[in-house]
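Every read-out reported here was derived from the displayed coordinates using simple, explicitly stated rules and does not represent laboratory data. Given the structure is predicted, the values throughout are model-derived calculations rather than measurements. In this analysis, Cβ positions are derived from the backbone assuming ideal geometry, glycine residues included, and neighbour counts consider all displayed protein chains.
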Amino acid sequence: QSVLLDVTGMDRVALAAAVEALFTHHDALRLRSDGTRLWFAEPDGQGLEDAGGRTADDVQASLDLVNGPVARFVLLSEERLLVAVHHMAVDGVSWRILLEDLAAAYQGAPLPAKTTSFKEWATRLQQAGDPAEDVYWDTVPAVALPADRMGGDNTIASAESVVVELDEAETRALLTEVPAVYRTQINDVLLTALAQTLAAWTGQETVSVALEGHGREDLFDDVDVSRTVGWFTSLFPVALTPGDANPGSALKAVKEQLRAVPRRGVGYGLTHDLTALPTGLSFNYLGQLDVGVAAADLMPVGEDRGKEYAPAGRRAFAIEINGSVADGLLSLEWTYSSNLHDSATVEGLAEDFVVRLRELIEHCLTEEAGGLTPSDVPLAGLDQVALDRLVGGDRQVEDVYPLSPLQQGMLFHALAEPDS
């Protein structure tokens, strides 16, 4: 992974000192692994580099997880700094941390206190596997995706993309108005639209999707990885059944199916082979990319950063969907292999997805929309049918509690002798 920064006018000495501070502060930038062991090199000799005739492709190809380096900060010119990090050492949250710290260190500010190391997290996580979760994972069906060409070679070189967007008003409604209606998160809404799209395409009532999560779950009271750089991303499958074509019913169904995932999926990779997921499609919502990304004088630019992956390498999924919000617009990039799917097929899926997403947003903006789901009121022990009968679409209800023994007695008495 990489980012290209505009460093026009920045002081070279101060920038070099800031980069050196990052290598010292963040262990993951010195990560080494041979597949069985994990260790960290000393920060000596790692810092800001001149390109010295190397291209962005050369820098990307030089990253080495076994022998190092796994991170390089290379000045391709006086105006452009390429920051390239091996994908095993960085994730989306890590990039925000690195850019914030690079800007702070450049300005001479002290870096925040170190949080739990990536190595300690990895060690503790290995002890957190729960075989009991397999009861859930075993229920996720393997659903094959239709293909225009069966048996095609799914290589990096064959990857092409289709991008669809919501406009600014739709994006704002999705982020600020929709969540309160059914107490949803943005992923609930996006995945409801996706499940409806895939169900129509495959002809299956239940579809499987591989989800990516940030993986930084609160599993241990004495562990804090909120500002730890590393690859924490969790990858796990979910089975989604949107069911009723009614937007509200579909939203509530998918929301509850997502809430049923054990520990937000972080334990799946501890007991399962991530190369054998029961689905050919992955989904990842990256959040609002322009919130906290640009820091001080550091501004990412959309210029060539070189090839981050070898063209002959194999892709993990037939279709990968990455969503994000930037400049007030939600965009979703559908990446596919031209050896497996025609562009018209993926364009049709992406457009169908947007149509269904707009229908969900429009529904949530109506007065009759709203309601609770069982995960909102766990103490009540009610299923969706009983909850709908009790609460309906009333958005004013905060919670539902079971009756205390005294209240049960009072209710029984009132029902038995209504005139008393």
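Just a few scattered comments:
- Simple label model, 7 Å out from Cα along Cβ direction - residue 301 to residue 148, nm: 3.6 nm
- Label corresponding to Rg and Dmax of the Cα atoms in Å when calculated from the structure given, among (1) 24.6, 94; (2) 34.0, 98; (3) 69.6, 232: (1)
- Crossing angle, helix 12-25 versus the chain [Cα axis fit, 0-90 degrees, rounded to tens]: 50 degrees
- Whether the stretch 129-364 is rounded, prolate or oblate, judged on the alpha carbon gyration tensor where a/c under 1.5 counts as rounded: rounded
- Length available on full extension from residue 410 to residue 134: 0.36 nm per residue minus the Cα-Cα distance, which gives 95.0 nm.
- Listed residues 108, 45, 265, most fluctuating in the chain (Gaussian network, C-alpha, under 10 Å): 45
- Linear extension gain, residue 362 paired with residue 13, 0.36 nm per residue minus alpha-carbon span: 120.3 nm
- Prolate/oblate/rounded label for the stretch 163-301 (Cα gyration tensor, a/c 1.5): oblate
- Our summary gives the stretch 2-120 a relative contact order of 33 percent, counting only alpha carbon pairs under 8 angstrom and 6 or more residues apart.
- Overall form of the stretch 120-223 per C-alpha gyration tensor (a/c, 1.5; a/b vs b/c): oblate
- Value of relative contact order over the chain, rounded to a whole percent, pairs C-alpha under 8 Å and six or more apart: 21 percent
- In the stretch 190-231, chymotrypsin sites (Phe, Trp or Tyr not before Pro) in a DSSP loop with at most 15 other beta-carbon atoms within 10 Å: 220
- Computed E for residue 119/residue 165 - FRET, C-beta separation, R0 56 angstrom, nearest 0.05: 0.90
- Only helices enter the 222 nm calculation for the chain: every DSSP H run of n ≥ 4 contributes -39,500 (n - 2.57), and dividing by all residues gives -10000 deg cm²/dmol, rounded to 500.
- Cβ-Cβ FRET estimate between residue 88 and residue 379, R0 fixed at 45 Å, reported to 0.05: 0.60
- Contour minus Cα-Cα distance for residue 202 and residue 275 (0.36 nm per residue): 24.0 nm
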